[in-house]
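These notes concern the structure reproduced below.
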């Protein structure tokens, strides 16, 4: 028997009402994050990936579904109990300056979550702040204010705030997307070092597949509110099963493999009126009538590698498609 | 070699610093020389503050007041540096047009997109309103906008980011420029939309016989779509080569560092990215020697003593380094 996953998201739905109608931002998403592992979620604008992140934090609460974190369903918790559970679940956003009050000094910004959770006395908190600043490589910057920091340094402060309370899981929503490539690499390496040193898990959300694969054990691909493929990062890259994953891989520019040969046409439909059946079918080169009539269920085609597609890109020789019965046993 | 469309020689842009180091000269572009040929796709790659955008804005006369521009930029023989605002306006659009990163900010939110394109047509050509409107629809068709008649009557907020960027390209092409400059034009877009817009620009370039210059922070994008790549650091060109040559033979350690730091699909997960420490130098306090020296693994005493000149060390391949990668002393 293996340990229960750190985070289990089950059939999560998040809808909002707008003047244009109901936005189906997240429509029945399920996945696990195991302790010490990183699950990467790749999705483009409008895929619902940021809504998914906020909905896990219950800010705002999802329309329905379960978010079981360390054995407790966050959706069922209120007030002080939710606050206590969330202490172990922190988030790092894209714009570091947006989450840092420009008037505060770095050391006060990092101390703030410790005060909010009434952790230790003043001396103990100060020691923890020094420790955490050392950890993110900002030991000399405690007296600075956010306006005196570069984007990369500000993101390190945001990371220091997130790790101050020794969380079990950090949700990163496009946390390195706005940084220049050299700074981005430094911050990615920092995330990896903290994972190893502190035994952290991450839910790492970004639009860049190569970036997500770099830090993730498992990769999930999200399109228009639903997951279309989940599997070990290496398998998703070497042997994508969903046509959308293939299209994403083909769109990645690369100096070593000349330019992308094919790109998918058109743009994602509106999440207010998502297509019937498979949501990718309107742009899919393999779509048939069945894709409009029937929503494809997520099924496991190779070890730990699942796809929601009626006509998956069949794995090349060497891997066999598992039978339906076997799937039940593995979950 | 055919005659260049644009010849830039020792272009320099300086500002006067405010705040810390006030009164000091900020050298945003510090002596840049290159040529752009008809039909060529040239990428200028660099990090924030490398001078890549400022150098291109200087060609368009789009710098803030207080910027001092020296050197030469000849477009088909005409010197652009020192032109009056009126002369520059004539040059913009007709010869060179630019597309920016954020189409939402460049478009007027209260005006239908067709009317905005028609306005650009009428700014340079003496045509009736009806003709301009028709031309706007033709331009939308040219940039592969789905349902061009219907889209021309819509407002920017009704369009997706990719469609808005198509509108910006339509406006840029209104007067059939000889050179299109795309400044991080696909940076804010999703990867699949980015691929579509890059493909579109290359197709249009071939159809219209334009030169295309794109400014990007992304060396991967540059290598994949450009013929020629220029890498800038701290206001200077540090390496230039045909994209195919650069992919296999990076010589400048800075380009190497940029290349290695890009997350790649082929890399195994969790493998640490090779990184360099530090940050680019303050353009108000550029060092006497090589500006990359403080961050460079190959740095030696000569690097601190004098800045290496940018020279063509191999046919078509220029770099500015005393101790290039896979080579001895040069």
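Each value in this text was obtained by applying a stated rule to the coordinates, not by laboratory testing. Quick caveat: nothing in here was measured; it's all calculated off a predicted structure. For neighbour counting, all protein chains shown are included, and Cβ atoms are generated from backbone atoms with ideal geometry for every residue, glycine included.
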Relative contact order, percent, chain B [alpha-carbon distance under 8 Å, six or more residues apart] | 20 percent
Per-residue ellipticity at 222 nm for chain B, helices alone: DSSP H runs ≥ 4 residues times -39500 (n - 2.57), over residue total, nearest 500 deg cm²/dmol?
-> -9500 deg cm²/dmol
If contacts are Cα pairs under 8 angstrom and at least 6 residues apart, what is the relative contact order of chain A in percent?
-> 19 percent
Least to most buried among B:68, A:3 (fewest other Cβ within 10 Å first) = A:3, B:68
Mind running the shape call on segment B:158-227? Use the C-alpha gyration tensor, a ≥ b ≥ c as the square roots of the eigenvalues: rounded below 1.5 for a/c, prolate if a/b tops b/c, oblate otherwise.
-> oblate
Expressed as a fraction of 2.2 N^0.38 Å, the rule-of-thumb size for a compact globular protein of N residues, what is the C-alpha radius of gyration of segment A:108-219?
-> 1.08
Under the 7 Å Cα-to-Cβ spin-label approximation, residue A:313 and residue A:273 lie apart by a distance in nanometres of 3.1 nm
Additional length obtainable on full extension of the chain from residue A:288 to residue A:117, 0.36 nm per residue less Cα span = 56.1 nm
May I ask you to sort A:311, A:191, A:16 by Cβ crowding, counting other Cβ atoms within 10 Å and putting the fewest first?
-> A:16, A:311, A:191
Mean per-residue count of partner chain Cβ within 10 Å for A:200-212 equals 2
Value of D in µm² per second that Stokes-Einstein yields for segment B:103-176, Kirkwood Rh from Cα pairs, at 4 °C (1.567 mPa s) = 111 µm²/s
GNM on chain B, Cα springs under 10 Å; top mean-square fluctuation among B:205, B:134, B:288 goes to B:288
Which of A:55, A:150, A:30 moves the most in a Gaussian network model of chain A with Cα springs under 10 Å?
-> A:150
Over segment A:106-207, what is the mean sequence separation of C-alpha contacts under 8 Å (at least six apart), divided by residue count, expressed as relative contact order in percent?
-> 29 percent
Applying the gyration tensor rule to the Cα atoms of the protein assembly as shown (axes a ≥ b ≥ c; rounded if a/c under 1.5, else prolate if a/b exceeds b/c, else oblate), the class is oblate
Taking R0 as 60 Å and r as the Cβ-Cβ distance between residue B:279 and residue B:154, the FRET efficiency 1/(1 + (r/R0)^6), rounded to the nearest 0.05, comes to 0.90
From the Cα gyration tensor of chain B, with a ≥ b ≥ c the square roots of its eigenvalues, which class applies: rounded if a/c is under 1.5, or else prolate if a/b is larger than b/c, or else oblate?
-> prolate
When B:142, A:20, A:100 are arranged by how many other beta-carbons sit within 10 Å of their Cβ, fewest first, they go A:20, B:142, A:100
Cα convex hull of chain A - mean projected area over all directions, nm² | 19.3 nm²
